[in-house]
1. Give the residue, chosen from Asn311, Asn300, Asn240, Asn245, that is over 30 Å from Leu206 (Cβ atoms) and open to solvent by 50 Å² or more (accessible area, probe 1.4 Å).
2. Can we say Ala239 is farther than 27 Å from Ser51 by Cα and in contact with a Ser or Thr (Cβ under 8 Å, 6 or more places away or on another chain)?
3. Is it the case that Ala139 is over 30 Å from Leu275 (Cβ atoms) and modelled with pLDDT under 90?
4. In the list Ile68, Ile75, Ile94, Ile86, which residue meets the criterion of being at pLDDT 95 or above, under 30 Å from Gly13 (Cα atoms) and either surrounded by 15 or more Cβ atoms within 10 Å (Cβ to Cβ) or more than 25 Å from the chain's Cα centre (by Cα) (or both)?
5. Tell me, please, whether a residue that is in contact with a Gly (Cβ under 7 Å, 6 or more places away or on another chain), of a type outside the set (Phe, Trp, Tyr) and part of a strand (DSSP E or B) can be found in the stretch 209-222.
6. Can you list residue pairs whose Cβ atoms sit under 7 Å apart, with the first residue in the stretch 254-275 being modelled with pLDDT of 85 or more and surrounded by 10 or more Cβ atoms within 10 Å (Cβ to Cβ) and the second being in a helix (DSSP H, G or I) and not acidic (Asp, Glu)? Count only pairs 6 or more apart in sequence or on different chains.
7. Go through the stretch 183-237 and report how many residues are over 26 Å from Val314 (Cβ atoms), open to solvent by less than 10 Å² (accessible area, probe 1.4 Å) and either of a type outside the set (Val, Ile, Thr) or more than 16 Å from the chain's Cα centre (by Cα) (or both).
8. Answer yes or no as to whether Lys174 is at pLDDT below 95, in contact with an Asp or Glu (Cβ under 8 Å, 6 or more places away or on another chain) and closer than 28 Å to Asp214 by Cβ.
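The values are calculated or read from the model by the stated rules, or taken from the named source; none is laboratory data. Just so we're clear, the structure is a prediction, and the values are computed from it rather than from any experiment. Note that each Cβ is placed from the backbone with ideal geometry, even for glycine, and that neighbours are counted across all protein chains shown. For accessibility, only protein heavy atoms count, side chains too; no ligands or nucleic acids. Shrake-Rupley method; radii C 1.70, N 1.55, O 1.52, S 1.80 Å.
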Amino acid sequence: MLKIDNYSLTLKGSNKVSLPVLENISLKVDKGKCLGIAGESGSGKSVLAMSILGLLPKTSIEHISGQIYINDKKITNASEKELNDIRGKEVGFIFQEPMTAMNPLMKLKEQIAEVVYAHKKEINSKDADEAVIKALSRAGFKEPLKFLDSYPHQLSGGMRQRAMIAMALVMNPKLIIADEPTTAIDAELQTEILTELRRQIDNFGLSMLFISHDLGVLRSISDDIAILYCGNLLEKGPANLVLKNPKHPYTADLIAALPRLTLERKLPSPIKGTLPSPNNKPKGCVYSDRCKKAKDICFNTRPPLKEIGNNYFVTCWE
């Protein structure tokens with residue numbers, strides 16, 4: 001459903017500084033599968049998600065290379081009209097924060113119906129309302145009719161998040177891009193939202209690109225996981241293998257930094273140092289200046305992405 005082939009993106013920084021925020025990213029999302037993308041803040045996860053559908057301001061882009069395909073259709077450098085035909089219809093987007101993504105002056109019914117009217121110009125209001133009700137039910141609203149005339153501030157955090165899911169589902173897209181949809185909600189709601197999203201994948205054959213900095217969240221929803229760091233892909237493979245036996249030191253360090261409940265009450269181990277800026281990346285491996293296993297070659301030469309098993313790739317000199 002989604003294929004990203006050797007994709008690089010450079011943005012314009014202040015004082016004419018070039019910012020290579022994504023470098024040679026190659027990923028794919030198969031039909032009915034979920035690819036989770038993990039990495040700490042600033043690793044390029046959200047920029048990648050936004051750039052797939054051309055949601056970054058054109059004036060901020062300095063250079064793009066590589067290709068992006070949706071359902072075998074090349075959309076790199078597609079026109080705004082072509083992208084508008086794809087957004088919402090072929091690809092649904094669940095944004096990180098519903099209170100900023102939703103219009104506070106529009107009722108729930110109007111906001112979701114707006115997606116329908118954008119792609120079905122001749123649809124009547126009755127059919128549009130039915131599509132909205134169906135989408136809300138599918139997103140987990142038990143009594144959707146009660147909330148059609150509600151404004152965003154009248155909904156709980158969990159309901160707003162479900163409303164965002166309904167907005168993404170209303171046109172029955174084949175691919176969903178979810179950008180940290182469980183951030184800033186409590187653990188119980190998080191579990192409910194993840195269960196709902198996984199149900200869409202299993203029951204409706206949806207494909208999903210799910211972005212999160214939380215490996216625990218990705219463990220519960222992803223079939224495969226890709227690890228980004230400083231705009232570079234360091235590791236990707238089946239979720240259970242990546243999380244159980246990581247091959248890249250950065251992935252291992254991310255897992256070690258997770259808080260966990262154990263009888264020994266072992267504290268998480270933080271990663272020392274900070275993420276380098278896009279215009280000041282290390283010469284060799286982008287993680288070399290923070291890696292406890294770095295060797296001489298790691299500081300001088302960028303390792304290639306190599307396949308070490310069936311659908312398992314890693315960028316490391318180890």
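1. None of the other options fit; the residue is Asn300.
2. Values: farther than 27 Å from Ser51 by Cα: no; in contact with a Ser or Thr (Cβ under 8 Å, 6 or more places away or on another chain): yes.
No.
3. On the way: over 30 Å from Leu275 (Cβ atoms): yes; modelled with pLDDT under 90: yes.
Yes.
4. Values: Ile75 fails: at pLDDT 95 or above; Ile94 fails: at pLDDT 95 or above; Ile86 fails: at pLDDT 95 or above.
After ruling out the rest, the residue left standing is Ile68.
5. Looking through the stretch 209-222, none of the residues is in contact with a Gly (Cβ under 7 Å, 6 or more places away or on another chain), of a type outside the set (Phe, Trp, Tyr) and part of a strand (DSSP E or B).
6. Leu254/Leu215; Ile255/Leu215; Ile255/Leu243
7. Final tally of qualifying residues: 3.
8. Values: at pLDDT below 95: yes; in contact with an Asp or Glu (Cβ under 8 Å, 6 or more places away or on another chain): yes; closer than 28 Å to Asp214 by Cβ: yes.
It is true that Lys174 is at pLDDT below 95, in contact with an Asp or Glu (Cβ under 8 Å, 6 or more places away or on another chain) and closer than 28 Å to Asp214 by Cβ.
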